[in-house]
Structure formats: C-alpha cells, structure tokens
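Undergrad: First, the structure itself, so that you have it in front of you.
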Amino acid sequence: MDLGLKGKVVLITGAAGLKGSIGETILQHLATEGAIPAVIDRNDRGFGYVEELQAKGIDAIFCKTDVTDPVQIEASVKKITDKYGRIDAVINNVGVNDGVGLDASYEDFMWSLKLNMVSYFLVVKHALPFLKKSKGNILNIGSKVGLTGQGGTSGYAASKGGVLGLTREWAVDLISFGIRSNAIIIAESWTPAYDAWIKTLENGAEKLEAIVKKIPLENRMTTPAEIADQCLFTISEKSSHTTGQFIAVDGGYVNLDRSLLTE
C-alpha cells in the first residue's frame, strides 16, 4: 500500500536507539516509504543512521539534541525547518522507563517528566506553525504504564499518563486547523532494551515466559515492525479521519477480557 508519505518531512524524536529499537525501526520504515526523516535524539548513533540513509540516496537529517533542554529543542526544530521549510508530521517517541519511584528525589522526578512528557510539549510547540501550514499531524508514543501503572516508576507513569492527556487536548485544540493528534499505546514489545532488562533478572527466562503467556493474541510479544507499521498508517492520509485516539498495538494485552487467559 502506498501511504502517500513520499517527500513528507516527519520529525521524530528518540529514533537513534539501538538497531531494532522502536524508534530506529520507525525511522527505517519512514525511509522505506520515501518520507524525509528528521531525527532529534541525544545519541550520536543518529549521525550514523542518517549517513547510511543518505548513502542510499535517501534525504534525512539528524539533530543531536538533549530533549530535556528547551533551548536545544527549539534550535533543532529551527534547523529542520530552515533546511526543508516544512514539517508534515511529528512522532514523539522519547521514553525511558527510568524507575523514578516514590523514593526518588524531587530533582529526579522532575527530570523524568521533562524527558518523557515535557519534551513532547516543546517539540509540538515549536513545530506547530509548520504543522498548521501543512495540516500535518501529531503521533505520540505512549505506554500501557500510563493506563495501568507498573510499580516503582512514578515519573514514567505520570509522564505517560500526561502524554495521553496531551494527545486528546491537542486533538481538541487543533481541530480547527485540520491537525490530527493520536497516540500509540505499547505494552510488551521485544526490543534491545527489553532484552537487556530480562538479562538482569535472576529468573529472566521464567519471567519472560510468564509475560508472553499473558498476551492474548498468539501468546507472543509485539514486534517493533508491527508498531512502526501502525505508526506510519496513522500519520498517513489513509487515517485522515482519525484523531484523539489511543491505538493499542499490544496483542490485546491491556484491554481484552482476562478470561482469554487459560492458565
């Protein structure tokens, strides 16, 4: 299916993670569809990813950015718009399940909010004049933690809950400009970070098996590619009348009846 993303400038944050991470996978799918990825991330891997794309003749830009710094976010959005003169979609993908719980300091809690939620606000704020011109759209990457809680991660849970609130607020606020705002909710997805976490557990294999058994559809984890496909469809004109939605790409993990679980 041609999603009509060819030549569209898509600003994506957090896309310089390890190969196979959700952000990096979305980045590669955007390039495959002919979009122009504009990557904002603090990791130097972004330079290499963009160089690889450019070597294939694919236009892309990387702006090294600490998204907890408002000045750097503003400068990076300006760099992107100075080069392309437009932004057609924003994918806010930054997220670190950082374990900032009730025992954490005020400073750590506020840092978690700045990273995982405030950065979303600032990116959209500075991209908004260009989204208004293009009648573009916003896609926020959310988490089940914003709906269900997890334990031991107050900063991340508060942030992801706030991201869902912002998603619907922006859908209302920007509807007169024809700007759509949606969120993807992720539960259990097999990424390099998830693999690293499992390996830190003494009973990692047993823990992983127990989690997978609780995923109703096919008793397997969601792949980053499945998440990326849903993201691209949602920002495309194929989803032109979808706004204010929380789209769970999770094999039914969060919302389906627990009676589906036979054990």
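The values are calculated or read from the model by the stated rules, or taken from the named source; none is laboratory data. Keep in mind that what you see is a predicted model, and the values were worked out from it rather than measured. Here Cβ is always computed from backbone atoms with ideal geometry, including for glycine, and neighbour counts include all displayed protein chains. In case anyone asks, the SASA skips ligands and DNA or RNA and just uses the protein heavy atoms, side chains included. Shrake-Rupley method; radii C 1.70, N 1.55, O 1.52, S 1.80 Å.
Undergrad: Mind listing the long-range amide H neighbours of Trp190? Cut-off is under 5 Å, sequence gap 5 or more, other chains count too, H placed in the peptide plane at 1.01 Å from N.
TA: Correct list: Thr222.
Undergrad: Return the subset of Lys135/Lys213; Lys64/Lys213; Lys132/Lys160; Lys8/Lys114; Lys78/Lys114; Lys19/Lys207 for which the Cα-Cα distance in this structure is over 31 Å, preserving the input order. Present the calculation step by step, with values, prior to reporting the outcome.
TA: On the way: Lys135/Lys213 42 Å; Lys64/Lys213 39 Å; Lys132/Lys160 25 Å; Lys8/Lys114 28 Å; Lys78/Lys114 20 Å; Lys19/Lys207 24 Å.
From the list (Lys135/Lys213; Lys64/Lys213; Lys132/Lys160; Lys8/Lys114; Lys78/Lys114; Lys19/Lys207), the Cα-Cα distance tops 31 Å for Lys135/Lys213; Lys64/Lys213.
Undergrad: Something else about it: What do you get for the angle between helix 119-134 and the principal long axis of the chain? Use alpha-carbon atoms, 0 to 90 degrees, nearest ten.
TA: 40 degrees
Undergrad: Please list 130-138, 24-32 highest first by mean number of surrounding beta-carbon atoms within 10 Å per residue.
TA: Working: 130-138: 20.1, 24-32: 23.2.
In decreasing order of mean packing, 130-138, 24-32 become 24-32, 130-138.
Undergrad: Compute the long axis of helix 45-55 from its Cα atoms, compare it with the longest principal axis of the Cα atoms of the chain, and write down the angle in degrees, 0 to 90, nearest 10.
TA: It is inclined by approximately 50 degrees.
Undergrad: Among the GluC sites (Glu not before Pro) within the stretch 178-247, which fall in a DSSP loop and have no more than 15 other Cβ atoms within 10 Å of their own Cβ? Display every interim value, and only then the final one.
TA: Numbers: sites: Glu188, Glu202, Glu206, Glu209, Glu218, Glu226, Glu237; in loops: Glu188, Glu202, Glu218.
Loop-located and lightly packed - Glu202, Glu218.
Undergrad: Something else now. Give the accessible surface of the chain per residue, rounded to a whole number of Å², with probe radius 1.4 Å and ligands, DNA and RNA excluded. Could the numbers behind the result be given before it?
TA: Values: 12480 Å² over 263 residues.
Roughly 47 Å² per residue, with all protein chains present.
Undergrad: Tell me what the chain gives for mean residue ellipticity at 222 nm when only DSSP H runs of n ≥ 4 count, each as -39,500 (n - 2.57), the sum divided by the residue total, rounded to 500 deg cm²/dmol.
TA: Working: 10 runs with 116 residues, N = 263.
Per the formula, -13500 deg cm²/dmol.
Undergrad: Return the long-range amide H neighbours of Ile36 (sequence gap of 5 or more, or a different chain), with a cut-off of under 5 Å between placed amide H atoms.
TA: Gly7, Lys8, Val9, Val10
Undergrad: Can you run phi through the Karplus equation (6.51, -1.76, 1.60; θ = phi - 60°) for the stretch 16-30 and list ³J(HN,Hα) in whole Hz, with x for Gly and Pro?
TA: 10, x, 4, 3, x, 6, 5, x, 5, 5, 4, 4, 5, 5, 4
Undergrad: Moving on to the next point. Using a cut-off of 9 Å between beta-carbons, work out the net charge of the residues near Ala187 (Lys and Arg +1, Asp and Glu -1, Ala187 not included).
TA: Working: positive: Lys144; negative: Glu188, Asp250.
Result for the local shell: -1.
Undergrad: Give the peptides 89-98, 71-80, 4-13 in descending order of average Cβ contacts within 10 Å, highest first. Show your work: numbers first, answer last.
TA: Values: 89-98: 24.5, 71-80: 18.4, 4-13: 21.9.
The packing order, highest mean first, is 89-98, 4-13, 71-80.
Undergrad: Could you give the distance between the Cα centres of the stretch 3-34 and the stretch 56-78, to the whole Å?
TA: 14 Å
Undergrad: Rounding to the nearest 10 and keeping the result within 0 to 90°, find how far the Cα-based axis of helix 70-84 lies from the longest principal axis of the chain.
TA: Compared with the principal axis, the helix lies near 50 degrees.
Undergrad: Given a 1.4 Å probe and every protein chain left where it sits, what share in percent of the accessible area of the chain is carbon and sulfur? Could the numbers behind the result be given before it?
TA: Values: 6800 of 12480 Å².
C and S fraction of accessible area: 54 percent.
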